[in-house]
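In what follows, a structure is listed as structure tokens, so that the remarks can point back to it.
The values are calculated or read from the model by the stated rules, or taken from the named source; none is laboratory data. Please read all numbers here as calculations on a predicted model, not as lab measurements. Glycine also receives a Cβ, built like all others from the backbone with ideal geometry; neighbour counts cover every protein chain displayed. Just so you know, the surface numbers come from the protein's heavy atoms only, side chains and all, with ligands and any DNA or RNA stripped out. Shrake-Rupley method; radii C 1.70, N 1.55, O 1.52, S 1.80 Å.
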Amino acid sequence: MIEVKNISKSFGDTQILFNVDATFTEGQVNLIIGASGSGKSVLTKCIVGLHEVDEGGAVLYDGRDFTAMDRKERIEIRKEIGMLFQGSALFDSLTVEENVIFPLKMFTDMSVEEMRERANFCLNRVDIINKNELLPAECSGGMQKRIAIARAIAMNPKYLFCDEPNSGLDPKTSILIDNLIKEITYEYNMTTVVITHDMNSVMEIGDHVIFINQGRKWWEGDNKGIIRTDNNEVVEFVYASSFMKNLREKLISG
Amino acid sequence: MNLFEHIGRYFVMLKAVFSRPEKGKVFRKMFFSEVDSIVINSIPLVAFLSIFMGGVISLQTAANMGSPLLPEYTIGYITRSSTILEFSPTIISLILAGKIGSNIASEVGTMRVTEQIDALEIMGVNSIGYLMFPKILATTLFLPFVVVISMALCLFGGWIAGIQSGLYSTETYMIGIKAFWYEDQFYLYYALCKTMIFGFLITSIPGYFGYYTKGGSLEVGRSSTSAVVASSVAILVANYILTQLILV
Ligand SMILES: Nc1ncnc2c1ncn2[C@@H]1O[C@H](COP(=O)(O)OP(=O)(O)O)[C@@H](O)[C@H]1O
Ligand SMILES: [Mg+2]
């Protein structure tokens, strides 16, 4: 479980996040949704400590106060975190297999065979088979995302963060990636936080949804609640196109 | 950011470079791959440049020796002295600042803007140390070898130029090369120490510019340019200070 308490974040004079509170429980997919530029990535980077939060905020990983820790203590927590970045962030000088092995090599004392076995297990899990020697640049966007998931789960993380896992992917591949994240979350009872602005993902995997608007938590619920809510901003977000707006009219009138 | 903020952040970065070495085995592997990609890969370019540089120094000296009072071996002597003192360490470092510097800044900068550095940090890797320590150490330790090669090839180039132009004989050139060596060999050690400092500058400064890149590919290009300019300036300034401190 990750508890986010009263997080604010400013860059210089511009404040991006305003007193955000949230709780992400394990064994379910937690979504952070919102329009582009609303502060979702900044919020996530604050949670994992890539940005320092402003005074007064705290992030607790299963009760452990991450914000108060020094670099060394944080590294222990980070070994329990897997993260999937918006652009996959695979190391482009390493092969597919080396990418997945990388965290194992840095932080475990496994032998080369054990590491390769683990890497192949993770790659199999995301359906990447016989691609070990390719370089990331030689893989399609969807494959890169899956390889990045394999790398993120290599260390058996307790917490998984995914920043827009299906940005730039076609709808079918997106759903595939979404479902993969969902399955892995249930399988390993992870605390998963997915950032997205894709309504398909919200409907597919949104066990718990937080809506961020202009740096504030605006709404909280799940994918069943979100289609019925009458919160103006959420409605604007969910039913963005006129087609969807019409659909909503019909939905409400029964 | 002004110059002083940059310098401050540069030193904070250096602290992280040396603070916590990554796993020994991983580091060793990276170190040797950097020796290969930074140092060994530069040798062909350095060799080519050095031969021509040596040739030009000798020819210039020969052409400017109007006075019959100057012995002919002066040509070899001046070629050797200027090669060891300035041409090989400083010019080669400046040229490599362009080659290595832009390479490092764009590599690290690309890793920054594609979130690969964030990925390292999330895993718990000290990204500054991981990315820069092997490069800095490899170049600082091995650039002097490249410069020694360059010195030898400069002298070789001077000899070839003599044969080709007929301006001076092999014998007098060789006498010049060997002249006053006992008194002058200190200059060689000085030059090699200087080179180590230059090696440090041409890797750490571009590393700095790459690491703190913000934005996208346009900014990576910009970082790479700034890195080359800044490390060239740093070499010239350091050269002046070192000459002042040690030789004067
Ligand atoms: N490092 C930074 N420095 C200054 N401003 C930033 C930084 N990162 C993000 N921002 C700003 O914060 C706002 C929210 O960005 P972000 O969280 O990336 O949006 P999104 O919800 O699309 O992920 C944007 O206006 C962006 O310009
Ligand atoms: Mg984002």
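Data table
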read-out: Criterion (farther than 16 Å from A:I210 by Cβ, in the same structural domain as A:E183 (by TED's automatic domain parsing) and more than 16 Å from ligand 2 (Cβ to nearest atom)) met by exactly one of A:T14, A:T23; value: A:T14
read-out: Conditions (1) loosely packed, with under 14 Cβ neighbours inside 10 Å; (2) at pLDDT below 90; (3) of a type outside the set (F, W, Y): number failed by A:N189; value: (2)
read-out: Leading residue by the ranking (nearest to ligand 2 (Cβ to nearest atom)) among those in segment A:188-241 that are within 22 Å of A:T25 (Cβ to Cβ) and in contact with a Lys or Arg (Cβ under 7 Å, 6 or more places away or on another chain); value: A:I195
read-out: Flag for A:N132 being without any contact (Cβ under 8 Å) to a residue 40 or more places away in the chain and over 30 Å from A:E249 (Cα atoms); value: yes
read-out: One residue from B:V35, B:V39 being buried (at least 16 other Cβ atoms within 10 Å of the Cβ), under 22 Å from the mean Cα position of the chain (by Cα) and more than 29 Å from A:F107 (Cβ to Cβ); value: B:V39
read-out: Condition broken by B:S82, with the remaining ones in (1) within 19 Å of B:F156 (Cβ to Cβ); (2) open to solvent by less than 40 Å² (accessible area, probe 1.4 Å); (3) free of Cβ contacts under 8 Å to residues at least 12 places away in the same chain satisfied; value: (3)
read-out: Considering residues of segment A:26-37 that are polar (S, T, N, Q) and within 19 Å of A:N189 (Cα to Cα) only, the residue farthest from ligand 2 (Cβ to nearest atom); value: A:Q28
read-out: Any hit, segment B:93-116, residues being within 14 Å of chain A (Cβ to nearest Cβ) and not in a helix (DSSP H, G or I); value: yes
read-out: Candidate set from segment A:65-115 (those that are within 16 Å of ligand 1 (Cβ to nearest atom) and farther than 17 Å from A:A154 by Cβ); member that is most open to solvent (accessible area, probe 1.4 Å); value: A:Q86
read-out: Test: residue in segment B:119-135 that is more than 14 Å from every other protein chain (Cβ to nearest Cβ), open to solvent by less than 20 Å² (accessible area, probe 1.4 Å) and touching a helix residue (DSSP H, G or I) at 6+ places or on another chain (Cβ under 9 Å); value: yes
read-out: Candidates A:K224, A:K217 - the one that is open to solvent by 10 Å² or more (accessible area, probe 1.4 Å) and in a strand (DSSP E or B); value: A:K217
read-out: Elements of type helices (runs of 4 or more DSSP H) in segment A:60-150, at least 3 residues being within 11 Å of chain B (Cβ to nearest Cβ); value: A:71-78, A:96-107
